[in-house]
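The values are calculated or read from the model by the stated rules, or taken from the named source; none is laboratory data. The structure displayed is predicted, hence computed values, not measured ones. Here the Cβ positions follow ideal geometry from the backbone for every residue, glycine too, while neighbour counts run over all protein chains shown.
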Amino acid sequence: MPEYGKVDSDFLERVVYPRLGADREGIRIGPTHGVDFGVVEVGGKALVVATDPLSVLPQLGFERAARFALDIVLADVAVSGLDPQYLSISFTLPPEMTDEEFERVWKGIDTEATDLGTSVVTGHTARYEGCAYPWIGGATAFATGEFEELVRPDGARAGDDVIVSTGPGVEAVGLLTTLFGDRMNLSEEVVETGQERLTETDTVRDALTAAAAGPVTAMHDATECGLQGALCEMAAGSETRFEIERERAPLRPGVADVCTFLDVDPWQVTSSGTLVITAPPAESERVVDALDDRGTTAAIIGRVAEGTGVLLDGEEVSHPDVDPSWAVYAEYAE
């Protein structure tokens with residue numbers, strides 16, 4: 001039986017990447033495992049494009065769930081350092097979703113998009129049999145800018161500092177305690193603290209803040225497979241070695257308690273809201289300070305060196321491949 005979550009890099013290399021349609025000039029970054037966005041040169045400028053599914057969980061409240069879903073889509077463009085300017089969005093709604101519920105979803109998306117300066121340019125909205133929560137569609141975000149403004153996902157260089165915002169596990173802990181906290185044998189205080197982590201998943205604004213404070217050399221958001229996966233993807237893309245000290249990373253309240261109870265490693269679970277950023281040492285403290293001024297916890301947790309792979313407390317670690325939070329979600333959702 002196939003695993004939950006994204007397909008692995010071997011499957012992409014074998015099945016997907018050899019078949020990418022027409023070979024057109026102008027593609028500067030194409031589909032690559034662990035890379036958040038693609039880049040096309042149009043009229044001498046960079047067009048950044050990223051696509052994601054839309055996941056809306058009614059238990060969060062439709063407006064809040066919609067803002068959360070949109071931020072995940074826009075974050076994959078924001079880590080390029082460019083403002084997400086345009087949005088194409090498609091809804092494949094479950095039949096039981098009412099017009100009033102969809103109106104609340106759309107209000108949430110409009111409110112967040114307006115605040116971020118993002119314009120909806122096209123879309124599709126319909127109900128279909130067989131569609132079900134939480135996966136109710138997909139969206140593509142676009143940004144344009146000068147190539148010299150672009151933060152490449154593979155731009156880390158030996159000598160850079162490695163910065164992490166927010167810390168590991170915030171999305172998984174926030175979602176799982178919000179959805180299933182009443183069924184976890186945890187204290188009310190721990191569950192409520194875990195639920196608060198869902199307010200710390202605003203990657204878009206953090207990415208743009210870091211880029212403006214830099215310059216930074218690379219950014220990546222730690223979604224599926226978490227912080228460990230993101231570090232491995234960035235190291236592989238830049239053909240460098242990331243040397244990381246676990247204790248230097250911020251760890252938000254409730255994360256350790258909930259992950260211990262669920263028997264998952266907080267460094268390996270999905271963590272939208274967590275950014276990995278590389279920057280020259282002369283710039284890294286300024287990036288940390290800018291994030292701190294925005295109210296986001298951040299810290300320098302290691303350095304980029306010559307070599308390959310990721311060393312976590314001196315021990316080489318590999319990409320988790322499968323995010324353990326998917327199995328937890330499936331177990332509780334039954």
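Can you give me the number of residues within the range 1-31 that are of a type in the set (Asp, Glu) and either surrounded by 13 or more Cβ atoms within 10 Å (Cβ to Cβ) or modelled with pLDDT under 85 (or both)?
Adding up the residues that qualify gives 2.
Would you mention how many residues in the range 37-68 are within 26 Å of Cys131 (Cβ to Cβ) and of a type in the set (Asp, Glu)?
2
Could you tell me whether Ser55 is of a type in the set (S, T, N, Q) and touching a Pro at 6+ places or on another chain (Cβ under 8 Å)?
yes
Considering each of Val173, Val258 in turn, give the residue that is more than 19 Å from the chain's Cα centre (by Cα) and either surrounded by fewer than 24 Cβ atoms within 10 Å (Cβ to Cβ) or in a helix (DSSP H, G or I) (or both).
Every option except Val258 fails the conditions.
Any idea how many residues of the range 264-298 are outside any strand (DSSP E or B), touching a residue at least 24 places away in the same chain (Cβ under 8 Å) and within 25 Å of Gly159 (Cα to Cα)?
14
Select, from Ala172, Ala210, Ala158, the only residue that is in contact (Cβ under 8 Å) with a residue 24 or more places away in the chain, closer than 30 Å to Gly44 by Cα, among the small types (Gly, Ala, Ser) and in contact with a helix residue (DSSP H, G or I) (Cβ under 7 Å, 6 or more places away or on another chain).
Ala210
Give the number of residues within the range 32-56 that are surrounded by fewer than 17 Cβ atoms within 10 Å (Cβ to Cβ) and either closer than 13 Å to Arg104 by Cα or charged (D, E, K, R) (or both).
Number of matching residues: 2.
Please find, within the range 99-141, the residue that is surrounded by the fewest Cβ atoms within 10 Å (Cβ to Cβ) out of those that are in contact with an Asp or Glu (Cβ under 8 Å, 6 or more places away or on another chain) and under 13 Å from Gly61 (Cα atoms).
The selected residue is Lys107.
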